[in-house]
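S.K.: Here's a structure for you.
Quick note: the coordinates plus some simple rules give every number you see, no bench work behind them. What you are looking at is a predicted structure, and each value in this text was computed from that prediction instead of being measured. Note: ideal-geometry Cβ built from the backbone for every residue, glycine included; neighbour counts use all protein chains shown.
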Amino acid sequence: MRQILASVLLAALSFAAFAQTVAFGNKVIRVGDPVGRVFEVAGQPSRTVPVENKYGAHEGERLEYFLGNKTVLITVRDGKVTQVQEVF
């Protein structure tokens, strides 16, 4: 029983870590990377959307890359990647 629980926990943790990266060709962008690395690896985004808090204050930017059959959304706050999403 402990082995099953440990396996499930390990799988869940590895999935969470995997969801924090996105590949552009043979290069990877991770949460925590500086915004300069994003531009170096992925180039200029297709669209940039401001991220605001509930009061309308600017908190960061969402860089959107439209890549054929998927969209990659990279949220940047204080010059660092804070979230990575792939939408198919």
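S.K.: Aspartates and glutamates near LYS70 by alpha-carbon distance under 18 Å, same-chain residues fewer than 8 away left out - which ones?
M.R.: Here the aspartates and glutamates satisfying the reach criterion relative to LYS70 are GLU86.
S.K.: Here is a follow-up. May I ask you to order 58-64, 48-54 by the average number of other C-beta atoms within 10 Å around their residues, highest value first?
M.R.: Numbers: 58-64: 16.1, 48-54: 10.4.
My ranking of the peptides, most packed first, is 58-64, 48-54.
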